[in-house]
Each structure stands twice: as structure tokens, then as C-alpha cells.
1. If you go through segment 27-66 one residue at a time, how many are loosely packed, with under 15 Cβ neighbours inside 10 Å, at pLDDT 90 or above and hydroxyl-bearing (S, T, Y)?
2. Only one of V229, V191 is surrounded by fewer than 19 Cβ atoms within 10 Å (Cβ to Cβ) and of a type outside the set (K, R). Can you tell me which?
3. For segment 96-128, name all the residues that are surrounded by 14 or more Cβ atoms within 10 Å (Cβ to Cβ), touching a residue at least 24 places away in the same chain (Cβ under 8 Å) and in contact with a Phe, Trp or Tyr (Cβ under 9 Å, 6 or more places away or on another chain).
4. Of the numbered conditions (1) modelled with pLDDT under 90; (2) hydrophobic (A, V, I, L, M, F, W, C); (3) crowded, with 17+ Cβ neighbours inside 10 Å, A180 satisfies every one except a single condition; which is it?
5. Return yes when D69 is open to solvent by 50 Å² or more (accessible area, probe 1.4 Å), over 22 Å from the mean Cα position of the chain (by Cα) and modelled with pLDDT under 90 and no when it is not.
6. Take the conditions surrounded by 16 or more Cβ atoms within 10 Å (Cβ to Cβ) and at pLDDT 80 or above and apply them to A209. Does it pass?
7. For the list (1) modelled with pLDDT of 85 or more; (2) open to solvent by less than 20 Å² (accessible area, probe 1.4 Å), I need the number of the one condition that G270 fails.
8. If only one of L204, L257 is over 30 Å from D43 (Cα atoms), surrounded by fewer than 20 Cβ atoms within 10 Å (Cβ to Cβ) and either within 15 Å of the chain's Cα centre (by Cα) or modelled with pLDDT under 90 (or both), which one is it?
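The values are calculated or read from the model by the stated rules, or taken from the named source; none is laboratory data. Just so you know, these numbers come straight off a predicted model, no measurement behind them. Counting neighbours? That spans all protein chains shown, and the Cβs are built from the backbone with ideal geometry, glycine included. The area values use the complete protein model at the heavy-atom level, side chains included, leaving out ligands, DNA and RNA. Shrake-Rupley method; radii C 1.70, N 1.55, O 1.52, S 1.80 Å.
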Amino acid sequence: MSRRAGRTLHGGRIAYAVLIVAVIVSAFPFYWTIVAASRSNADLAKVPPSLLPGPHLLRNFEAVVEEADIGTALLNSLIVSGSITVGTVLCCTLAGFAFAKLRFRGRNALLAITVGTMMIPPQLGVIPLFMLVAELGWVNQLQSVILPGLVSAFGVFFMRQFLVQALPDELIEAARVDGASTARIFWSIVVPVARPGMAVLGLLTFMAAWNDFFWPVVALSSQNPTVQVALRQLGGGYVHDQSVIMAGTLLGTLPVLLVFGLLGRQIVGGIMQGAVKG
């Protein structure tokens, strides 16, 4: 439903049908994860498989706890993802403000270099990064995963583009006339204006850090894992227990869904508010 020229436009039946189908297709993988996590491995091997949840969910959760240190993994993932999110949002907002509104020599060249780094596959830097981490004695420690992710080129470019549109130059000039320093302008003017963009970047960063597997599996061991590293230990043996693997996957997915459920409405509302103000 939208408004155009004073009229309210309603979606037709075809539009609602398409939306319903899209919701079902999008939600079915998560629903199937719940079904598989609550069934036994023998139930999943049946043809056709059952599409209703079974009675083995708690038993499979217990198997996950026994096979992998999921409690430590969840805590480590929370620390890593939270630290990376806070650092990325703060640093990228600072850099985005500098590139968007401050004038200094080499600004365009530095921005081009920053954006250009997104074209380099991250796998190319794994060996020198691991050598540096080993030299510092950080192998199998959480800081080896946190520090390399505190700033992202995408985050800098995202916040720069957001502030170019959302932050009027007149606000900064008025603050300069009143004698405000750059730091005061950032905390008192830029941060309130940038909150919708910061919320979106924070959610995207948290999800990416939570789901990251490649670098944590290189830098950490099974004694001090994140969730994704711990899930690798599940379903071992000659025949993989898919129900236990799905139960672990469900446990690893719930915190992300909780964060999105708590912040999703605020993020969408903030984006719409910023769009209306713009």
C-alpha cells in the first residue's frame, strides 16, 4: 500500500499471492532446520521425509553440547561479533564523516584506494596475516579474530555515501561558527544524524562476523572456538548425524534471529525516518 497524489494504492491479489509465496520460500529453509533438528537421523533418511517437527529436539541439543563446547563457542562468538560490530561502526562512521565532509589533501585518492581494496580477495591476505598473528603470539586467542575485522572498506564507503546525503553542510558550518571542534561536531551532530546508517551497518557487520568461518578456523582451535568452528565437530563418525548437525546449526542461528528481531523494527523505522527527513 502506498500514497500517490493524495490517493491510497492497495496491492492486488496477485501482489499478495507473490508476497506470500516469497515469504514461504524464504522461511522454509529455517523451518526445515527446526524439523531436521527435532528428528532422528533415521527419520531424515525416509522418503518422503516428514515435514512436521519431531520429539527429539532436546535430545539432539544434548548431543550438541556433548560433542562440541557450544557454550564456550556461543560466548566467544558473542564477544567477537560484538567487539567487531562496535569497532566497525565507530571507525567506519569516523572515516565516512572525514571522506564525506572534511577537506584534506589526497582525500579522493585515499577513498579510491579504500574502495579498491574490496576488489582484493581476502584469501590472499590469510598467510601474511597468520604470520603476523603468530609473531605476536595471538594464535588461538580471540584478539586474532577481532582486530583484523575492526574496520571494513565496505563500511567506510557505506557511511560516506550515507552522510553525503543525510548530513547538510549548513549544520557543520553553523557548528563551526559557534566554535565547535571537529570532535564535538562528530559526537553532537554527525552521530545523531548517522544513527539509521550506523544501525544498518551494525546489523550487517554482526551477522557477517557471527557467520564467519574461514579466518576463525585458521586462527582458532577446537579448544577455544567460535560457533562456526564448533559446528565443524558435530556429526562425526562414518555416518554423519544430520539431525545433530541441524540442531547445532539451529543453536547457532537463534542469536542472530534474536538480534534481528530486537533491532529490525528500529532499523527499518530509522531508515524511513531518515528518508522522510531527506
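1. Residues that pass the stated criteria total 1.
2. V191
3. If the condition is that a residue be surrounded by 14 or more Cβ atoms within 10 Å (Cβ to Cβ), touching a residue at least 24 places away in the same chain (Cβ under 8 Å) and in contact with a Phe, Trp or Tyr (Cβ under 9 Å, 6 or more places away or on another chain), then G96, F97, F99, A100, L111, T114, V115, V126 are the ones that fit.
4. All conditions are met except number (3).
5. Criteria met by D69.
6. The answer is yes for A209.
7. The single condition G270 does not satisfy is (1).
8. L204
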